[in-house]
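Novice: Could you have a look at this structure, given as C-alpha cells, before my questions?
Where a number appears in this text, it was derived from the coordinates with a stated rule and is not lab data. Keep in mind the model is a prediction, meaning the values are calculated, not measured. With ideal geometry, Cβ positions are generated from the backbone for all residues, glycine too; neighbour counts draw on all protein chains shown.
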Amino acid sequence: MATVDDVRRLALSLPRTQEHLIRDRVKFRIGSIVYLALSRDESELGFAFPKEERAALVAAEPAKFFLPRESDLRFNWVEAHLGALDQDELTELVIEAWRMVVPAKVARAHLDPPAAPPLPPAPSLAELRSSDEVFNGFPGVDRSWLALRADTGSALDLARAEHRTALHRWLNSWGCRIRYPREGEPDRFGTELAAWWRRHTLADAPLARLTARDISRLAGAYEELAALPIGRRSLGPTAASKALYALRPDTVMPWDAAIAQRLYGSRDRAAFARHLELGRTWARAALEAAGGIPEADLCAELGRPAVSLAKVLDEHLYVTITHRA
C-alpha cells in the first residue's frame, strides 16, 4: 500500500520538483505546473495523465482510479485512491506524470543517463599520505568535527533533540545552509530527522567489512534522507551523505557534488551504493597494503589520527577532485 511518504520520496527524487502547501493541500510541481496533488486528508492522489487515455484507465480499475471533478476535466489529470496503489504502480505513475511536465532532455538525462566513467583504481598509501598532507593544511581542518564529537560523545543519537541540534550545526558548518527555526517556530528539520531515524537501522561495520545488504540499506537510508523536506527544499545529496558519515564515521565514505558527478554522473541511490562499494574496495586495498594493521593505526600513520579510514578516503577524493576543480 502506497503512502504519502512514498509519494514525497519519489517526487523529490525527480529533478526540478518542488513541494508546496497550497490551500491545505500538498502539491508537487515543476515551476508553476502541478503534476501531483494530494487531497486534504491525503487519502487521494491526483496526477498528470493524458486525458485521452484516462477513461480507459478508470474503466479498467474503477476501485482504484476515478475522474477528477468536472472543473478539472479539461486538464491532463486523473485521480487515484492512494492506499489502493502498490509501490510499483505508484513509481510508474509519479515518473510518467513528472515526464509530462519537464523538458524531454531533462527526462532523458534523469531516466537514461550516460554510462558512468570507469572508477579509478585504489590509491596507494603514498598517495593517501600526500592527500592528507594537503588536507591537514586547510584552516581548522578538524575543528567542527571535534566539536560535534564533544557535544554528542562517542555516537550521535538522533532520538535526542540536543544531538539533532548538534548535527544541524555541524552540517551548516560545512555550508549546507539548513535554516534554523525562529523563536517559537517548530523545528521541522529536527522533527523530520527524528522520524527518519526511527525508520532506519544503519549498519555500523567498518567500511572495509560492509556487506552487500549493508550497502543496499545504507543507500536506501541515503535516498530518503536526501529527500527529507526542510522548508522549501529537500536536504539534498551532499548533506545526506555528510549526515550519514556523522552517524557512522567508520562506515560511510561521504561525497560532495563534484566527486559524485566526476565518478558516477549522478547522485541518486544507485550512485551512492556504487560510492560505498568503491570505498569498501579502497579500504580493503589500503589495509592490505599496510600489512593488516588496525585501521586506527593506519590513519595515524597517514597523518589523520582524529578520523576514520572512510574519512581519509573521502579526503583523498576531495583533494584530487573537488579542490582541483
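Novice: Treat the count of other C-beta atoms within 10 Å as a stand-in for reagent exposure and order Glu183, Glu52 from fewest to most.
Specialist: Taking fewest neighbouring Cβ atoms as first place, the list is Glu183, Glu52.
Novice: Which shape class, rounded, prolate or oblate, goes with the range 4-111 when its Cα gyration tensor gives a ≥ b ≥ c as root eigenvalues, a/c under 1.5 marks rounded, and past that a/b bigger than b/c marks prolate?
Specialist: Rounded shape, in that the Cα axes give a/c under 1.5.
Novice: Here is a further query. What is the fewest-to-most order of Ser173, Ser234, Ser32 by other Cβ atoms lying within 10 Å of their Cβ?
Specialist: Ranked by crowding around the Cβ, least crowded first: Ser32, Ser173, Ser234.
Novice: According to a simple spin-label model (label point 7 Å from Cα along Cα-to-Cβ), what is the distance in nm between Ala109 and Ala300?
Specialist: 4.8
Novice: For Arg182 and Ser39, FRET efficiency with R0 = 45 Å and r from the beta-carbon atoms, rounded to 0.05?
Specialist: 0.90
Novice: For the chain, what's the relative contact order in percent, using C-alpha pairs closer than 8 Å and at least 6 residues apart?
Specialist: 16
Novice: Tell me the Rg and the Dmax, in Å, that the Cα atoms of the range 31-70 produce.
Specialist: Considering the range 31-70 through its Cα atoms, Rg and Dmax are 11.1, 32 Å.
Novice: Give the relative contact order (percent, whole number) for the range 4-111; include only Cα pairs under 8 Å separated by 6+ residues.
Specialist: The value is 25 percent.
Novice: With 10 angstrom as the radius, rank Lys311, Lys27 by how many other C-beta atoms surround their C-beta, starting from the fewest.
Specialist: With the fewest neighbours first, Lys311, Lys27 line up as Lys27, Lys311.
Novice: Take every Cα-Cα distance within the range 23-174, group them into 5 Å bins from 0 onward, and report for each bin the whole-number percent of pairs it holds.
Specialist: 2, 7, 11, 12, 9, 8, 9, 10, 10, 9, 6, 4, 3, 0
Novice: Right, something else. Calculate one ³J(HN,Hα) per residue across the range 29-45 by plugging θ = phi - 60° into the Karplus curve 6.51 cos²θ - 1.76 cosθ + 1.60, and present them in order as whole Hz with x for glycine and proline.
Specialist: Result, rounded to whole Hz: 9, 10, x, 9, 9, 7, 10, 9, 8, 8, 5, 4, 8, 6, 9, 10, 10.
Novice: Sticking to Cα atoms, compute the Rg of the range 125-322 to one decimal and its Dmax as the biggest Cα-Cα distance, whole number, in Å.
Specialist: Taking only Cα atoms of the range 125-322, I get Rg and Dmax of 16.4, 56 Å.
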